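Bear in mind these aren't lab numbers, they're just calculated from the coordinates by the rules spelled out. Since the structure is predicted, the reported quantities are computational estimates derived from the model, not experimental observations. Positions of Cβ are backbone-derived with ideal geometry, glycine not excepted, and every protein chain shown enters the neighbour counts.
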Amino acid sequence: MVFHMTLERAEDGWIVARCPALPGCVSQGKTEEEARENIKEAITAWLWAENQKAEEVTTGG
């Protein structure tokens, strides 16, 4: 899967990364590279959490 991300510099100097396709999937880093790596981890975590929710619905757990 390919997800697009946006990067913007916050007032405090940190780089904020967002994945617009995944509501609430946001991360940050001190550099663009760090922000990119962090949002990749956040995307993985977001997808895992959604999968867990779907499993609960289908299994009744």
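Taking the Cα centre of the chain as the origin, how large is its charge dipole in debye, to the nearest 20, when only Lys and Arg (+1) and Asp and Glu (-1) carry charge on their Cβ atoms? Each step should come with its number before you reach the end.
Working: 6 positive and 11 negative charges, 24 e Å.
Computed charge dipole of the chain: roughly 120 debye.
Got a sec to turn the phi values of segment 19-34 into Karplus ³J(HN,Hα) couplings, 6.51 cos²θ - 1.76 cosθ + 1.60 with θ = phi - 60°, whole Hz, x for Gly and Pro?
Values per residue, Gly and Pro as x: 10, x, 6, 10, x, x, 8, 9, 8, 7, x, 6, 10, 4, 4, 5 Hz.
Search the structure for amide H atoms under 5 Å from the amide H of GLN28, placed 1.01 Å from N in the peptide plane, and list their residues when 5 or more places away or on another chain.
ALA17
With each pseudo-label sitting 7 Å past Cα toward Cβ, what's the GLU37-ALA49 distance in nm, one decimal?
Between GLU37 and ALA49, the label points sit 2.2 nm apart.
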